[in-house]
Amino acid sequence: MAVSPGLWQIRLRVAGQAAAAFVEALEPHANSALWTEPVGGTSRIEALSEHEPDRALLEVLLGEVAAAFGLAPPALDVAW
């Protein structure tokens, strides 16, 4: 039986109107990414990666997306 490697999880909460843009910024750095419909104006984004994400790079990219929407950068949760 083959053992599959663990996956890195990238999670954040963002304003619903900006969720697609945040996912677009994450997609090149993840194997898959998805987001929820907004609840109370907030969407959850979850992405999975086989490789350890570059947290500093992701924070810069997500900060740029946030600035384009006039939002504060989202808190980034990266876990293995």
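The values are calculated or read from the model by the stated rules, or taken from the named source; none is laboratory data. This one's a predicted model, so the numbers in the text were calculated from it and none came from an experiment. Neighbour counts are summed over all protein chains in view; Cβ atoms, including those assigned to glycine, are modelled from backbone coordinates with ideal geometry. Areas reflect the complete protein model, heavy atoms only, side chains present, ligands, DNA and RNA absent. Shrake-Rupley method; radii C 1.70, N 1.55, O 1.52, S 1.80 Å.
Since only Ala66, His51, Leu26 are under comparison, the one whose Cα sits farthest along the positive direction of the charge dipole of the chain, derived from C-beta charges on Lys, Arg, Asp and Glu, is Ala66.
Which net charge results for the neighbourhood of Val65, defined as the other residues with beta-carbon distances under 14 angstrom from its beta-carbon, given Lys and Arg at +1 and Asp and Glu at -1?
-3
Applying both filters, DSSP loop and at most 13 other Cβ atoms within 10 Å, to the GluC sites (Glu not before Pro) of the range 1-72 gives Glu50. Split the accessible area of the chain by element, probe 1.4 Å, and carbon with sulfur accounts for 56%.
Using the Cα gyration tensor of the range 38-80, with a ≥ b ≥ c the square roots of its eigenvalues, what is the shape: rounded (a/c below 1.5), prolate (a/b larger than b/c) or oblate (neither)? Write out the running numbers ahead of the final one.
On the way: a/c = 2.81, a/b = 1.34, b/c = 2.10.
Oblate shape, in that a/c is at least 1.5 and b/c is the bigger or equal ratio.
Modelled spin-label separation between Asn31 and His51, with each label point placed 7 Å from Cα along the Cα-to-Cβ direction: 1.3 nm. Taking all protein chains into account, the per residue accessible area for the chain stands at 64 Å² (1.4 Å probe). GNM on the chain, alpha-carbon springs under 10 angstrom: the most fluctuating residue among Pro28, Pro53, Pro38 is Pro28.
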